Amino acid sequence: MVNTPALLPNLCPHSVRTTSWETAMPIRRRSLAAASLVAGAAVPVSAGAQQAQRRASSAAAPTSATPATFAQVTKPADGVIMPEGYIRAMAQFAYAWAWPMVNQSSRRALITQAPRIGLNGGIVPVAPRGYIAMLVDYIKPEETFVTCPNQDVVYGNGYFSLDEQPVVIQVPDFADRFWVYALYDGRSDQFGQLGKPYGTRRGFYLIAGPRWQGRVPQGITGVVRSPTELANAIPRIFLNDTDEDRRAIRPVINQVMVYPLTEFTGRMKTMDYAALPSFPVPPSNGEETRWVDPERFFEQLPAILDAIAPQPGEEAIYANVRQLLNAGKADPAVARLLTESAVAAEREIVASFFQWRHNGVPAGNNWNRSKNNAQFGVDYFNRLGTAKSNMFDNRPNETQYFYTDLDGDGTQLHGAGSYAITFPAGQTPPVRGFWSMTLYNDKHLFHANPLNRFSLGTKNTNLVRNQDGSLTLYAGKDNPGQGREANWIPAPDENFSLYIRAYWGQQSVLDGTWQPPKVEKR
């Protein structure tokens, strides 16, 4: 434990002042020394006397027991004998706190095994470190790389080690199309501002790590600093669900590239992403890839703490977690307790964040809305919730997310039911970008269906509005009936959830005054 010093009384000496009678006393009646002390007269004093005065002043100066910096704080002592209850409690905290960082590290380790730019299983964009791969259409429904994908944008993905070398990311001319390059650090926070909401202009942007001090070459439009050496980019580029827009987006997509600084020439490179090779992967079990293994967690954590420096205020957490790791390294019995605690924390803590009510804050009508998304800082609750349930959110000003497992009466959504979600006229999510509503199965992934439809929103030009101008969307296993099929998202015959995205939301989306409509059982 960190000892907190007791507060000391204010020991600052009072300034010496003359009293009224001293002021009235004629100066000739005071000694020269008294006059020097009380009135501050300029009187010659010997060097020895000056040194004596300084020593006396120094001895009387107040001292403070309150540390001014973390370096002055007493640190946790190694070699202590920890009780089992303390080990388990600290280990579970460390597991919940560091889970997103281990998650990010594991993703980079796997994704960058790609021998060249391509697609894992013909689905997930992968590339060696320092590069990026792009899709050319919506991501396929079989995707299990990340929970809660969407079919509103064309995705890209790539991981970097910015201590080795900075990378250059190209920004082509997107014209009026919505786009944003989400850049994530080792904690899953976003950094940098590249996208339509920021008015980013066409050009070449250098992404550098926290310790890079090289020369920025001519032709670089701007420099973006990552707070950690581990970083990844996930571009999102809006695509209407039409063949015409699929053709129009291809030339732009082919210019979205990332490569090491040594390959920068000042000229826009291109790649035909439609011709990417496919790499074999093990068959999926229908769930998101398991990125955090509790039985290996505490083996991985020391290297991650070494690579990711503490945020302001996190130094004490790092010190106490390192004490715990050192205890496990020194004693096999402690190491076993750490592993047992990690397994228990995965089951008892982390799994709970798959429920949408444990993500963000209530938004009305049994929906929750994201909070501090992708700019978590020390909001460890929402950072863990997002990393578990829907990794890689955008910032709130880029995207606001609304999600629910429940209908308006608080009952779990299930495919056996049929549900209507009605946006009154003029009350679809108010955005400057686009919006959508997506349906996910109980694994937070797409449900394969004959319509090959997983979401509805701005991208759909054939939605049918009601006579009063309102818009009703339908969710359920069964077709809602003639004239309603265009507005229907098929559901599995099991539990499911609904998820609204509002890209580049207006103020009512950002401040929470806009509320999603009630999900009504028909």
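Determine, for each peptide in 231-243, 288-300, the mean count of other beta carbons within 10 angstrom over its residues, then list the peptides with the highest first. Mind showing how you got there, number by number?
Values: 231-243: 20.4, 288-300: 17.3.
Ranked by mean Cβ neighbours within 10 Å, highest first: 231-243, 288-300.
Indicate the gyration tensor shape class of the stretch 217-325 (rounded, prolate or oblate), computed on the Cα atoms with a ≥ b ≥ c the square roots of the eigenvalues: a/c under 1.5 is rounded; otherwise a/b larger than b/c is prolate and the rest oblate.
Working: a/c = 2.67, a/b = 1.53, b/c = 1.75.
Cα axes put the stretch 217-325 in the oblate bin.
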- State the extension gain, in nm to one decimal, for the chain segment bounded by A71 and A425, taking 0.36 nm per residue of separation less the distance between their alpha-carbons. 121.5 nm
- With the Cα gyration tensor of the chain in hand, convert its eigenvalues to equivalent ellipsoid semi-axes via √(5λ) and list them largest first in whole Å. 56, 28, 28
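For every other residue with a beta carbon closer than 15 angstrom to the beta carbon of I249, add +1 if it is Lys or Arg and -1 if Asp or Glu, then tell me the sum.
Numbers: positive: R177, K196, R236, R246, R247, R250, K459; negative: D137, D152, D173, D176, D241, D243, E244, D245, D272.
Around I249, the charge tally is -2.
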- Message: Using a Förster radius of 56 Å, what is the FRET efficiency between A316 and Q482 based on their Cβ-Cβ separation? Nearest 0.05, please.
- Response: 0.30
- Per-residue HN-Hα couplings for the stretch 245-259 [Karplus 6.51, -1.76, 1.60; θ = phi - 60°; Hz; x = Gly/Pro]: 6, 4, 5, 5, 7, 4, x, 6, 4, 5, 9, 7, 9, 10, 7
- Task: Assuming a ≥ b ≥ c are the square roots of the Cα gyration tensor eigenvalues, decide whether the stretch 401-454 counts as rounded (a/c under 1.5), prolate (otherwise, with a/b larger than b/c) or oblate.
- Result: oblate
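What's the FRET efficiency of T242 with M82 using the Cβ-Cβ distance as r and R₀ = 60 Å, to the nearest 0.05? Walk me through the intermediate numbers first.
Working: r = 62 Å, r/R0 = 1.03.
That pair, T242 with M82, gives E of 0.45.
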- When the C-alpha atoms of the stretch 382-422 are aligned to their principal axes, what extent does each axis show, in angstrom, from largest down? 33, 23, 16
- Item | Rounded to whole Hz, the Karplus (6.51, -1.76, 1.60) HN-Hα couplings of the stretch 441-448, x for glycine and proline | 6, 6, 9, 6, 10, 5, 9, 4
- Note on the structure: Rg/Rh over Cα atoms for the stretch 449-522, Kirkwood Rh, comes to 0.97
- So who's got an amide H within less than 5 Å of the one on I132, skipping anything under 5 residues away but keeping other chains? H placed 1.01 Å off N, in plane. V258
- Message: Going 7 Å from the Cα of N397 along its beta-carbon direction, which residues of the stretch 469-509 have the amide nitrogen within less than 14 Å of the resulting point?
- Response: 504-507
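Do you know the relative contact order of the chain, to the nearest whole percent, from alpha carbon pairs under 8 angstrom that are 6+ apart?
Numbers: 972 pairs, mean separation 76.6, N = 522.
That works out to 15 percent.
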- Task: Sort 464-477, 396-409 for me by packing, meaning the mean count of neighbouring Cβ atoms within 10 Å per residue, highest on top.
- Result: 396-409, 464-477
- Query: When you count, for each residue, the other Cβ atoms within 10 Å and take the mean per peptide, how do 496-502, 182-188 rank with the highest first?
  - Reply: 496-502, 182-188
- Message: How far apart, in nanometres, would the label points at R225 and A89 be if each is projected 7 angstrom from Cα along the Cα-to-Cβ direction?
- Response: 3.9 nm
- Query: What is the Cα coordinate range of the stretch 120-173 on the first, second and third principal axes, sorted by size from largest, in whole angstrom?
  - Reply: 35, 27, 18
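Send over a whole-number figure in Å² for the accessible area per residue of the chain, probe 1.4 Å.
Values: 24810 Å² over 522 residues.
Per residue, the chain has 48 Å² of solvent-accessible surface.
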- Message: Using the basic label-point model (7 angstrom from Cα toward the beta carbon), what is the T461 to Q355 distance in nanometres?
- Response: 4.4 nm
- Note down the relative contact order for the stretch 406-522 as a percent, whole number, built from C-alpha pairs under 8 angstrom at least six residues apart. 45 percent
- For the stretch 162-205 and the stretch 206-220, what is the separation of their C-alpha centers, rounded to whole Å? 15 Å
- For V124, distant residues with modelled amide H under 5 Å away: none
- Calculate one ³J(HN,Hα) per residue across the stretch 468-481 by plugging θ = phi - 60° into the Karplus curve 6.51 cos²θ - 1.76 cosθ + 1.60, and present them in order as whole Hz with x for glycine and proline. 8, x, 6, 10, 10, 9, 10, 9, x, 6, 9, 4, x, x
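Once the Cα gyration tensor of the stretch 162-265 is diagonalised, what are the square roots of 5 times its eigenvalues, in whole Å and ordered largest first, as equivalent ellipsoid semi-axes?
26, 15, 11
Pairs of Cα atoms under 8 Å, at least six residues apart: use those to get the relative contact order of the stretch 358-471, whole percent. Before the final figure, lay out the partial values.
Working: 119 pairs, mean separation 22.6, N = 114.
Averaging sequence separation for qualifying contacts and normalising by length gives 20 percent for the stretch 358-471.
Would you mind checking K443/K518; K371/K477; K371/K459; K196/K269; K140/K388; K269/K443 for any pair whose Cα atoms are more than 29 angstrom apart?
Values: K443/K518 23 Å; K371/K477 31 Å; K371/K459 25 Å; K196/K269 21 Å; K140/K388 21 Å; K269/K443 38 Å.
Over 29 Å Cα-Cα: K371/K477; K269/K443.
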- Query: Given a Förster radius of 45 Å and the C-beta distance between D468 and R202 as r, what FRET efficiency does 1/(1 + (r/R0)^6) yield to the nearest 0.05?
  - Reply: 0.55
- Placing each pseudo-label 7 Å from Cα in the direction of the beta carbon, K140 and A307 end up separated by a distance in nanometres of 2.9 nm
- Query: Can you list the residues, at least 5 places off or on another chain, whose amide H is less than 5 Å from the amide H of V223, using H built in the peptide plane?
  - Reply: L206
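Taking 0.36 nm per residue of sequence separation and subtracting the Cα-Cα distance, how much length would be gained by fully extending the chain between T262 and A333, in nm to one decimal? Each step should come with its number before you reach the end.
On the way: separation 71, 0.36 × 71 = 25.56 nm, distance 4.87 nm.
Contour length minus the Cα-Cα distance gives 20.7 nm.
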- Message: Within the chain, what whole-number % of the accessible surface is contributed by carbon and sulfur, with the 1.4 Å probe and all protein chains included in the calculation?
- Response: 51 percent
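The values are calculated or read from the model by the stated rules, or taken from the named source; none is laboratory data. Since this is a predicted model, take the numbers as computed values, not measurements. Please note: Cβ atoms are built from the backbone with ideal geometry, for glycine as well, and neighbour counts cover all protein chains shown. Quick note on the areas: whole protein, heavy atoms, side chains included, nothing else; ligands and nucleic acids left out. Shrake-Rupley method; radii C 1.70, N 1.55, O 1.52, S 1.80 Å.
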